[in-house]
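First the structure, in the form of structure tokens, and then the observations on it.
The values are calculated or read from the model by the stated rules, or taken from the named source; none is laboratory data. Here the structure is a predicted model, which is why all the values come from computation and not from measurement. In this analysis, Cβ positions are derived from the backbone assuming ideal geometry, glycine residues included, and neighbour counts consider all displayed protein chains. For the accessible areas, the whole protein counts, side chains as well, though only heavy atoms, and no ligand, DNA or RNA atoms are used. Shrake-Rupley method; radii C 1.70, N 1.55, O 1.52, S 1.80 Å.
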Amino acid sequence: MTDKAAIRAEAARLLAAFEETGAVPVEAEILQPAGTLLDLYGEDIRARAFTTDDPLQGEMMLRPDFTVPVVEAHMREGAEPARYCYAGEVFRRQEVARAGRAAETMQVGLEFFSRADPAAADAEVFALFSELLAPLGLRAAMGDIGLLTAAVEGLGASPRRRAALMRHLWRPRRFKALLDRYAGRSAVPPARKALLEGLGRRSAEELVAKAGPEIGLRSASEVVARIKALAEDAAEDRLSAAEVEVIDDLLAVRADPENALARLEDIAVDMPAMEPAAARLADRLDALVKRGVDLSAIEFEGSYGRTSMEYYDGFVFGFYAPGRPDLPPVATGGRYDALCSRLGGGRSIEAVGGVIRPGLALALTEGAP
């Protein structure tokens, strides 16, 4: 196991490299208010964070990452444009399948807030990370969540169905299950089928009234509202096969960025809502080339970024140890404009950033992850 002192030294080296770009070092409290994270991500965040209660401050979480507190601080008092960097521990629960991964890890990160030329900002951050990590010979991957969100918004479905799909963009299995249901590619669960058939004979209110005493956290009125929503959803037309094929094709894209762009532009012919996102990708690739990035050495994945923190809403990237799928990414990052708007209290700004795991980088350098 790599020594903590050595990891801190590596973190200091990386932090100094970020400072050389003009980034201002910042800190974030280890204990963060749980309310903000719960508002952003719902109860799912509890499965990934360590929580505790404070008699004065209420429910708190051990810092799961730095981006949210840094964004909050910037939106309260930051100048524009601005760059921040940081280094410190983050804490995340691990799934049973990842029992070998540490719950406490060191992160070194960079956050860049600017309204000018987002493609150039994306390229600058990616190129900097690529340069810093070049000695490790890592595999680089990138994607763009904005393409998928644009495709979902372009579907000929009700606002409720589009909102449901948007909520589950970062839960691939749930997203696919919803898409299959809306397209009629999966059978209606027996319990739901029986419920809907019952609505043909009684109202939702009658069904709930005859179901017995209230048990659980949902009130009778909430159950009635849910039943009515299910009935309205069942009455809605199926998504067309052509629209579902667009989503499937988008998520299946896997190629070097230039070939991926050509494929995405073809897909956008059948889904015009994707055209602005494809144009932004083209601008980003041009900016990367100007930064001297070899696009042929990068793999673009249409589904990339859908299992990370949910604040990324555009460009996403990561660096991985080749042949080591058991290891987490050495570095990840991306664009999170919508997060700034949500935490901005009426203000908004565009932002991109990323983090490096110095412990993992050091272990790979030593050849003993």
**Item:** Enumeration of residues in region 228-262 that are part of a helix (DSSP H, G or I), touching a Gly at 6+ places or on another chain (Cβ under 9 Å) and farther than 20 Å from Leu155 by Cβ
**Value:** Ala260
**Message:** Could you go through region 120-132 and let me know if any residue there is under 22 Å from Leu343 (Cα atoms), crowded, with 21+ Cβ neighbours inside 10 Å and modelled with pLDDT of 95 or more.
**Reply:** yes
**Fill in**
Those residues of region 168-187 that are loosely packed, with under 14 Cβ neighbours inside 10 Å and closer than 23 Å to Tyr311 by Cβ come to a total of 2
**Asked** Which is open to solvent by 50 Å² or more (accessible area, probe 1.4 Å) and over 20 Å from the mean Cα position of the chain (by Cα), of Arg76, Arg93, Arg46?
**Response** Arg76
**Asked** Of the residues that sit in region 156-175 and are closer than 21 Å to Ala241 by Cβ and aliphatic (A, V, I, L, M), which one is farthest from the chain's Cα centre (by Cα)?
**Response** Ala157
**Item:** Unique match (being open to solvent by less than 50 Å² (accessible area, probe 1.4 Å), within 21 Å of the chain's Cα centre (by Cα) and more than 17 Å from Glu111 (Cα to Cα)) among Phe300, Phe315
**Value:** Phe300
**Asked** Restricting attention to region 2-54, and to residues there that are assigned to a helix (DSSP H, G or I) and aromatic (Phe, Trp, Tyr), which single residue is farthest from Gln107 (Cα to Cα)?
**Response** Tyr41
**Item:** Condition broken by Ala361, with the remaining ones in (1) buried (at least 24 other Cβ atoms within 10 Å of the Cβ); (2) of a type in the set (A, V, I, L, M); (3) in a loop (DSSP other than H, G, I, E, B) satisfied
**Value:** (3)
